[in-house]
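Before any comments, here is the structure.
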Amino acid sequence: MTGIVSFGGYVPRLRLQRKAIAAANAWIAPGQGAGAKGERSMANWDEDAVTMAVEAARDCLPGANPLTSRKHIDALFLGSTTLPFADRLNAGIVASALSLGANMRGADITGSQRAGLSALLAAFDAVSAGSASHALVAAADTRKTRAASPAELNYGDGAAAFEVGKSNVIARLLGAASSTIDFIDHFRGEGEDFDYHWEERWIRDEGFVTIVPPVVKAALTKAGIEAAAVDHFIMPTTFAKLDQQIAKACGIAPEKVRDNLAGKLGECGSAHALVMLAHALEEAKPGQRIVVASFGQGCDVAVLETTEALSRLAKRRGINGSLAHRKEEANYMKWLAFNGLVNLEKGMRAEKDNKTALTVTYRKRDMLFGLTGGKCTRCGTAQFPRSRICVNPNCKAVDAQEPFCYAELPGKVLSWSADFLTYSMDPPQHYGMVTFEEGGRFLADFTDVDVGSFDSGAEVRMVFRIKDFDERRGFRRYFWKAVPQVKA
Amino acid sequence: MASGIRDKVAILGMGCSKFGERWNMGAEELMVEAYMEALGDAGVETSQIQAAWLSTHIDEQSVGKGGTPLSVALRLPNIAVTRVENFCASGSEAFRGAVYAVAAGACDIALALGVEKLKDTGYGGLPTGQPGTLLPQWGANGSAPGNFAQLASAYRAKHKVSKEDLKRAIAHVSVKSHANGAKNPKAHLQKAITEDQCLGAPMIAEPLGLFDCCGVSDGAACAIVTTPEIARAMGKKDIITVKALQLALSNGLESSHNSWDGSYFHTARIAAKRAYDEAGIKNPRMDLSMIEVHDCFSITELVTMEDLFISPEGGAVKDVMDGFYDADGGVPCQIDGGLKCFGHPIGASGLRMLYEMYLQLQGKAGARQLKDPRIGLTHNLGGSPSMNVCSVAIIGAMGA
């Protein structure tokens, strides 16, 4: 029985207030005011589709030691249309950050707004066919939008992840169907930053309403269930009430349509169907049927049924937990700056050349991506980075360290400062010495922190984020940063 | 058992340029400025210099790499010139090279010169750079003030000092140095400041405000050293000798091992103990006439008072507030204004500290002259609290 074994969700902490967007743009887009309600999620400057996918996947694959607890994953499908690298396997970055083993399939699935669900279907296929035993699926998007565009108000940033397998299934796959039609509701050409949209009424009537229902019906037929048996219908769209209209056309009762989270999250692009699926699994009861549809040059639909195992699944942050952990952002200028929509004076310190020695990046990949240090087999001292000679002054054993991963360990702030001098996209730059109870420490950047919000002794967790950009060469570096531990 | 350096090498002459924003002076000119003073003070000719050490930290900004910039600027007689670099402790490193060469008998007269031209970057503060190929890929995006500010949070946590009390104590550190610097015509900053000015200054890196940070300056300083016997034969009286030269470097313990609490300098305590042993100092609080420490930031100076075992552990705040380190206190600290006001041309700073000790010990410090100093300590630090180089040098009157 192929199905979902585990899931996770992630929404960035910042929530851009739609009122702030509308107020800033009232002079040019006065029509936006009335609909500008609620908030949309907003990735921090150091987040992208890769880092958000990592966060969702960590939520999906809990465990203190990733080096052992994630060993079983043998495929990773990453769905997104906003991947940071056009030619470098983005799934490979996610896999490294998760400390997954090298002997696995990795694929970026992109090019359409249904990429997230397509990635999940690919995982179902791989597991059903036996080419993978435990496939990880992650979907994340941070779509760039022009200032004062409707998309700026409607979109959101978010991610979801799923483990697909054959045992301990919490939601089994009953059936799936797809169609592929070159319907160009919008497009983004190579090298372009922004989507180009066609008329909304046409997209709604000739696109969604015409293309989606036949595929939903086909999927229900394959699943062998009636539309009336559907408990949760997931139909991402930014058109108000269109999801209900489609449900009706498919014979699904309108009250089964799931909240698309437009009010408090916004639409997370190709990740949104999976974000909503994760959200549905947080709220579903065992034995319920979930239909998830995703539109984009045709349509993908999957029909799932939750099992008893769902009630045994350990509680996780998920989408609800992520939505609850929020900070309102009303500074539209900051939004523009974080998204490169304004030419900011960054000062000469920002001119520093961030060219990366890729040989070093590769040689130290488990350290830089996996946050793996070493543990001395002689004296037991855990340390970061791993080195040939043990740092314990009473040991100093040579070549005696085995890999020791810090990524999932809680840390504590020993010392810190909030620095206004160093170049930062979001000053002041917070950083400090983070210590780990198991042994080891390092001077780490902090992110998602508020000035004056913590002191020595504060508890932190580590997150995988963008370290800096090499704008000259179109490269970006990633590393781990500390964020304040969210109180459960 | 090594016998140590005590009284084996004498300072024959010293020189120091005016520190500050020397817009019209390059490193070459600054080197000559310091050197001419030292040469005159020593009473020797360039042809008598047998080996030289040049210290600079930032080669992109100052003179580039190698020893040739010094050899060329001073037209040295094709002698050995070695460039040394050890972060902000580079100046002490150059001095160590020259002193050891003389002590070893490899030469009779050696030169140590440190220089840094920092004001050619186009912006305030220290220049940024890429420290190797690995660290930029994972090291925190810090600056010098932010790195040293770490001490404050850890010190507060350890000694249960309130934010306000520590902020006031470090303000006093700076107010004192400005008062001293006002009496030093070679200092970069020569204006006295008030505690309120200090507390109200713009924040640079919490809790360090503008006046908690030292000046970023251009400048050069140098020393010419020889043996006490040669100095005496040259007719020198009041001979100043080296009593101790110690250097302690982090080995990764502070940055990787949880035994360090972040509130002090592990290296400074080691270097200080060794230096006191080498110089035969039993009670530094009583025995030292004065100290010049590496006050790159006010908090650095405060914790250093404990690292040098002059203030008791956790007692620096009280000593500072009591004025123990003021010009009229028990152990005057930064009588020349320190890095804070004399300025911090990195490669020159260690030698600048020795220059002030040398002037004071000879009674030549002008308006800031202390009464009858016999022995002085310099503490020159490079790096950051969790990874650094610490030099402690002690000099004094021959036989003291």
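Treating cross-link reach as a plain straight distance, find the lysines whose alpha-carbon is under 29 Å from the alpha-carbon of A:Lys222, omitting any fewer than eight places away in the same chain.
Partners within reach: A:Lys166, A:Lys241, A:Lys248, A:Lys256, A:Lys285.
For the pairing of chain B with chain A, what total accessible surface becomes buried, with a 1.4 angstrom probe, in square angstrom to the nearest 100?
Answer for the B-A pair: about 3700 Å² buried.
From the phi angles alone, apply the Karplus equation (6.51, -1.76, 1.60; θ = phi - 60°) to the range B:17-29 and give each ³J(HN,Hα) in whole Hz, x where the residue is Gly or Pro.
Karplus values, whole Hz, x for Gly and Pro: 6, 5, 9, x, 7, 8, 3, 9, 10, x, 4, 4, 5.
Which links in A:Lys19/A:Lys144; A:Lys144/A:Lys467; A:Lys334/A:Lys364 stretch past 23 Å when you go from one Cα to the other?
A:Lys334/A:Lys364
So what's the range B:322-400 giving for Cα Rg divided by 2.2 N^0.38 Å, two decimals?
For the range B:322-400, the normalised Cα radius of gyration comes out at 1.13.
What percent do you get for the relative contact order of chain B when only Cα pairs under 8 Å and 6+ apart count?
26
In square nanometres, what is the average projected area of the Cα convex hull of chain B?
Directional mean of the projected Cα hull area for chain B stands at 18.3 nm².
Give me the percent of DSSP beta bridges within the range A:3-338 that run antiparallel, rounded to the nearest 5.
Antiparallel bridges make up about 70 percent of those DSSP assigns within the range A:3-338.
How charged is the neighbourhood of A:Glu226? Take every other residue with its Cβ under 11 Å from the Cβ of A:Glu226, and add Lys/Arg as +1 and Asp/Glu as -1.
+2
Wrap a convex hull around the Cα atoms of the range A:3-338, take a quarter of its surface area, and give that in square nanometres.
With every direction weighted equally, the projected area is 15.7 nm².
Name the residues of the range A:27-47 whose amide N is less than 17 Å from a point 7 angstrom out from the Cα of A:His325 along the C-beta direction?
In the range A:27-47, the label zone of A:His325 (backbone N under 17 Å from the point 7 Å along Cα→Cβ) covers A:41-47.
Grab the DSSP H runs of the protein assembly as shown that are 4 residues or longer, score each as -39,500 (n - 2.57), total them, divide by all residues and round the 222 nm result to the nearest 500 deg cm²/dmol.
Mean residue ellipticity at 222 nm (helix-derived): -8000 deg cm²/dmol.
Near A:Ala34, within a Cβ-to-Cβ distance under 12 Å, what is the net charge of the other residues, with Lys and Arg +1 and Asp and Glu -1?
Local charge sum for A:Ala34: +3.
Give the Debye-formula value of log10 I(q)/I(0) at each listed q (0.12, 0.13 Å⁻¹), with one equal scatterer per alpha carbon of the range B:237-385, two decimals each.
The Cα Debye sum returns log10 ratios of -0.48, -0.56.
Subtract the Cα-Cα distance of A:His197 and A:Asn343 from 0.36 nm times their separation in residues, and report this length gain in nm to one decimal.
Computed gain between A:His197 and A:Asn343 is 50.1 nm.
Work out the mean other chain Cβ neighbour count within 10 Å for the residues of B:201-211 and drop it here as an integer.
If you average over the peptide's residues, the count of other-chain Cβ atoms is 3.
For labels at A:Ile28 and A:Ala148 in the simple 7 Å Cα→Cβ model, what's the distance in nm?
0.4
Let me check something: with ligands and nucleic acids excluded, how do A:Val342, B:Val102 order by accessible area (1.4 Å probe), largest to smallest?
Of A:Val342, B:Val102, the descending order of accessible area is A:Val342, B:Val102.
Compute the signed sum of charges (Lys and Arg +1, Asp and Glu -1) over the other residues within less than 9 Å, Cβ to Cβ, of A:Tyr10.
Summing Lys/Arg as +1 and Asp/Glu as -1 gives 0.
Expressed as an acute angle from 0 to 90° and rounded to the nearest 10, what is the orientation of the C-alpha long axis of helix B:298-307 relative to the principal long axis of chain B?
80
Is the range A:308-443 best put as rounded, prolate or oblate by its Cα gyration tensor, with a ≥ b ≥ c the root eigenvalues, rounded for a/c under 1.5, and otherwise prolate when a/b is larger than b/c, oblate when not?
Taking the square roots of the gyration eigenvalues as a ≥ b ≥ c, the range A:308-443 is oblate.
Bin width 10 Å, origin at 0, all Cα-Cα pairs of the protein assembly as shown: what percent of pairs per bin?
Bins of 10 Å from zero give 2, 12, 19, 19, 15, 12, 9, 6, 3, 1, 0, 0 percent of pairs.
When Cβ neighbours within 10 Å are restricted to other protein chains, what is their mean count per residue of peptide A:204-213?
0
Within straight cross-link reach of B:Lys160, meaning Cα distance under 21 Å, which lysines are found once same-chain residues fewer than 8 apart are removed?
A:Lys412, B:Lys318
Would you please give the residues with an amide H less than 5 Å from that of B:Ala205, counting only those at least 5 places away or on a separate chain, with H modeled from the backbone geometry?
Those qualifying (amide H under 5 Å, at least 5 residues apart or on another chain) are A:Phe420.
Place a +1 charge on the Cβ of each Lys and Arg in the range A:3-338 and a -1 charge on the Cβ of each Asp and Glu, then give the dipole magnitude about the Cα centre in debye, rounded to the nearest 20.
Using only the charged Cβ atoms, the result is roughly 900 debye.
Among A:Val275, A:Gly263, A:Thr237, whose Cα sits farthest toward the positive end of the charge dipole of the range A:232-288 (+1 at Cβ of Lys/Arg, -1 at Cβ of Asp/Glu, about the Cα centre)?
Of A:Val275, A:Gly263, A:Thr237, it is A:Thr237.
The values are calculated or read from the model by the stated rules, or taken from the named source; none is laboratory data. Since we're looking at a predicted model, the values are computed, not measured. As a convention, Cβ positions derive from the backbone with ideal geometry for all residues, glycine included, and neighbour counts pool all protein chains shown. Protein only, heavy atoms only, side chains kept; ligands, DNA and RNA dropped before computing areas. Shrake-Rupley method; radii C 1.70, N 1.55, O 1.52, S 1.80 Å.
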